[in-house]
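Data block below; observations after.
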C-alpha cells in the first residue's frame with residue numbers, strides 16, 4: 001500500500017527540484033525531513049511540506065505506521081512555462097522562461 005501527495009504549479013525550475021528529489025529517494029520520512037531541513041535551497045521547504053503531507057496521508061487515510069514509512073518515489077515533472085520578454089540593445093528582446101514544476105512524493109511502509 002502507498003500514499004501519495006502532489007504539489008502542482010510551483011514556481012521553481014524542475015531541474016533544481018530534481019536535485020533534492022534524488023537526495024531523499026529511498027530514505028525514511030524522518031531522515032528525508034532532516035535532510036531537507038539542512039539543505040539551503042529554495043525547493044527544500046515546499047518539498048519538506050510535501051513529504052510531511054504524504055506521511056500524514058499514509059497515517060490518516062491508510063492507517064500506516066508513521067515510524068515505518070519511507071520515501072518510495074520522489075519525482076518532478078515540468079509544468080507550464082511562463083514566457084516573458086526583456087528589452088535589450090538595438091530594440092531587440094530576449095526570452096525569459098519562468099519554469100514551473102509539478103512535484104510528487106510517494107511513501108510506503110517497510
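Quick note: the coordinates plus some simple rules give every number you see, no bench work behind them. Predicted model only: the values in this text are computed from it and were never measured. Cβ sites come from the backbone with ideal geometry, for glycine too, and all protein chains shown count toward neighbours.
From the list 16, 49, which residue is in a helix (DSSP H, G or I) and under 15 Å from residue 105 (Cα atoms)?
Among 16, 49, only 49 is in a helix (DSSP H, G or I) and under 15 Å from residue 105 (Cα atoms).
Quick one: how many residues across region 5-30 are closer than 14 Å to residue 69 by Cβ and surrounded by 15 or more Cβ atoms within 10 Å (Cβ to Cβ)?
Number satisfying all stated conditions: 6.
Quick one: count up the residues across region 69-101 that are more than 21 Å from the chain's Cα centre (by Cα) and not in a strand (DSSP E or B).
5
Filter region 40-67 for residues that are surrounded by fewer than 19 Cβ atoms within 10 Å (Cβ to Cβ), closer than 11 Å to residue 5 by Cα and more than 14 Å from the chain's Cα centre (by Cα) and give the result.
56, 57
Hey, can you tell me all the residues within region 19-46 that are within 20 Å of residue 78 (Cβ to Cβ), in contact with a strand residue (DSSP E or B) (Cβ under 7 Å, 6 or more places away or on another chain) and assigned to a helix (DSSP H, G or I)?
Hits for region 19-46 are 21, 24, 46.
With respect to residue 37, is the statement that it is touching a helix residue (DSSP H, G or I) at 6+ places or on another chain (Cβ under 9 Å) and within 19 Å of residue 8 (Cβ to Cβ) true?
Values: touching a helix residue (DSSP H, G or I) at 6+ places or on another chain (Cβ under 9 Å): yes; within 19 Å of residue 8 (Cβ to Cβ): no.
For residue 37, the condition - touching a helix residue (DSSP H, G or I) at 6+ places or on another chain (Cβ under 9 Å) and within 19 Å of residue 8 (Cβ to Cβ) - is not met.
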